[in-house]
1. Roughly what percent of Cα-Cα pairs across the range 122-217 reach past 21 Å?
2. Please give, to one decimal in nm, the separation of the simple spin-label points placed at residue 201 and residue 289, each 7 Å out from Cα toward the Cβ.
3. Among 208, 302, which comes first, second and so on when ranked by fewest other beta-carbon atoms within 10 Å?
4. In nanometres, what is the gap between the two model label sites at residue 307 and residue 173, each 7 Å from Cα along Cα-to-Cβ?
5. With a Förster radius of 30 Å, plug the Cβ-Cβ distance of residue 25 and residue 123 into 1/(1 + (r/R0)^6) and report the FRET value to the nearest 0.05.
6. Tell me, what does the Kirkwood hydrodynamic radius of the range 226-293 come to in angstroms if you use every pair of distinct C-alpha atoms?
7. Tilt of helix 91-101 relative to the longest C-alpha principal axis of the chain, in degrees (0 to 90, nearest 10)?
8. Starting from the eigenvalues of the Cα gyration tensor, five times each then square-rooted, give me the equivalent ellipsoid semi-axes of the chain, largest first, whole Å.
Ligand SMILES: Nc1ncnc2c1ncn2[C@@H]1O[C@H](COP(=O)(O)OP(=O)(O)OP(=O)(O)O)[C@@H](O)[C@H]1O
Ligand SMILES: [Mg+2]
């Protein structure tokens, strides 16, 4: 369904995307993860033929993004990171406008508008001006626009940023439903690891323009099979715990943020004793301790040294 082969994009001196390879089968939901500036949106723009690759080839459904832009745009729907709507028009008017841009008209256009409004749950509010919408409703309308022409491949660039929990779970369920009932192929970009855990079969992790890991969730987590993650919450900032603990052989890495320390250690290593010792010396209380198997977030931390939302 999608082949991204050795694709590079440079803007003047800056390499935004470097020799990226992505292969996706029809019906997959694939996650694209990476910190700010990793090159996710640039990759998406190239796949959807909005930005031309400096090097490399991209084929979607057998069509080349360079040569068959009309076909590519017909088969791909993109939910852009930035909301792209006319604030002074109603939802329905927005959809009619974008529908016409896809050459939809008359009865068919009407049907599609009704259909996508139903999918994103905005039928009741369709006659209201977009500027009176909540953030979550705007996000949902942004998704409706991408679905108007019934794309085979839907690419969503951080579709749940800054919205209420209800809209968020509505969007997640919509994605699942489109995949299940239409066998729609979906690329899902998010900074929320739990969304990717929930939705995606396979995950690509990008950093500094490169794909640094790819695989199923199970495969990625297997990279950390020999490890446990111990999450300790302290009574004050955990800042200086890392320095002491990282000296130990059995501790791979310590990540601190506020009062929390995430300690990656060899399985069954006596890490707690070391933590307790440290808290005694430092005069800090422990508020909670949790030992868990590695999550995708831990894999990400392991590979990039950063958390997703840093
Ligand atoms: N039109 C452009 N001109 C110059 N540099 C650009 C342009 N678009 C993107 N870049 C640069 O390319 C790099 C990757 O940007 P991109 O938007 O693809 O990252 P991202 O992974 O989507 O990040 P975020 O999570 O913040 O959305 C950044 O360094 C960015 O500044
Ligand atoms: Mg982006």
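Please treat every number below as a calculation from the coordinates, not as lab data. Being a predicted model, the structure only gives us computed values, none of them experimental. Note: ideal-geometry Cβ built from the backbone for every residue, glycine included; neighbour counts use all protein chains shown.
1. Roughly 37 percent, once rounded to a whole number.
2. 4.1 nm
3. On the way: 208 15, 302 19.
Least crowded to most crowded, the residues run 208, 302.
4. Here the modelled spin labels are 2.9 nm apart.
5. On the way: r = 33 Å, r/R0 = 1.11.
For residue 25 and residue 123, the calculated efficiency is 0.35.
6. On the way: mean 1/r = 0.0863 Å⁻¹.
Hydrodynamic radius (Kirkwood, Cα pairs) of the range 226-293 is 11.6 Å.
7. Approximately 70 degrees, to the nearest 10.
8. Details: eigenvalues 343, 108, 51 Å².
Ellipsoid semi-axes (Å, largest first): 41, 23, 16.
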